[in-house]
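No value in this document is a laboratory result; all are computed from the given coordinates. These figures come from a predicted structure and were not determined experimentally. Positions of Cβ are backbone-derived with ideal geometry, glycine not excepted, and every protein chain shown enters the neighbour counts.
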Amino acid sequence: MPGCRRFGQHFLNSVKFAERIAGVAGVDNELVVEIGSGRGILTRQLAKRAEKVIAVELDRKLACFLEGERISRVDVLNRDFLGLELSDFSAPVIVGNIPYGITSAIIEKLAGSRHQLKRAVFTVQKEYASRMVASPGSPDRGYLSIYANYHFAIAREFTIPARFFSPRPKVNSVVVTLRPKEPVLGEESAKNLFQFIAGVFRYRRKSLKNAIMKHMDWRPCGPLPELFAKRPQHLDFDDFRRIYELVERGI
């Protein structure tokens, strides 16, 4: 059986869990784009429910293997998902077991194309899932928590123990569902705000006031609201939005 670790792949080896993931995806005669189809264990379960599955696999040997399997209603695409235009597909459901190293890049791509997809169901490392759903005050909360939840309604579905992957990873994985949300800010405003939030989180152990001073050429002109004494991980999106507006006004 072919397989290559150079893309950080850990292949699901359980039909039972593949069936559960396909069930959570809720595919009902819809188009599915599967990221990193690997050896096709999940692809087969999705194909039972989908109108069509576009199996996107970057590894050429794996893509050739999957093509040779000739699974009904499955088209294999030997491409990098990050290079695809989702507008080329008709409102797909995105499903995938995502390598850790490119998870954030995929989330960012989908956030920018969220009007072109119905929903996404991803299997990610447990640590990454915890960061995605972390609430204010949690030690796992960071830039990702705010960015992902601004763009998507995120549900943590179930855990898959490490033994159900080959080669076996060091950590368990978690299946999460992402449903696109309507933005509350314009594209440029959101971009500027998230650049600010990302910069502040580089100094997450400092108070917000000191983190902003480190991040940008800013000095307060007078007394500051209590929010500025908190650390970044204790704030929600609306807090950051308010603070960014104050800083931009030069308080």
*Calculate one ³J(HN,Hα) per residue across segment 36-43 by plugging θ = phi - 60° into the Karplus curve 6.51 cos²θ - 1.76 cosθ + 1.60, and present them in order as whole Hz with x for glycine and proline.*
x, 5, x, 8, x, 5, 7, 3
*Take each of the peptides 171-178, 19-26, average the number of other beta-carbon atoms within 10 Å over its residues, and list them starting from the highest.*
171-178, 19-26
_Fewest-first sequence of 132, 216 by Cβ atoms within 10 Å of each Cβ_ = 216, 132
_Tell me the angle of helix 103-112 to the major Cα principal axis of the chain, expressed in degrees between 0 and 90 and rounded to the nearest ten._
80
_Per-selection Kirkwood Rh - segment 187-248 (Cα, Å, 1 d.p.)_ = 11.6
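Let me have the relative contact order for the chain, percent, based on Cα pairs under 8 Å that are six or more residues apart. List each step's numbers first, then the result.
Details: 431 pairs, mean separation 39.4, N = 251.
Rounded, it is 16 percent for the chain.
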*What list of ³J(HN,Hα) couplings, whole Hz, do you get for segment 239-251 from phi and the Karplus terms 6.51, -1.76, 1.60, once you set θ to phi - 60° and write x for glycine and proline?*
4, 5, 4, 5, 5, 4, 5, 5, 5, 5, 7, x, 5
*Which of these, 185, 235, 42, has the largest mean-square fluctuation under a Gaussian network model of the chain (Cα springs below 10 Å)?*
185
*Under the rule of -39500 (n - 2.57) per DSSP H run of 4 or more residues, summed and divided by the residues of the chain, what mean residue ellipticity at 222 nm is obtained, to the nearest 500 deg cm²/dmol?*
-10500 deg cm²/dmol
*Binned Cα-Cα distance frequencies in the chain - 5 Å width, integer %*: 1, 6, 13, 16, 16, 14, 10, 8, 6, 4, 3, 1, 0, 0
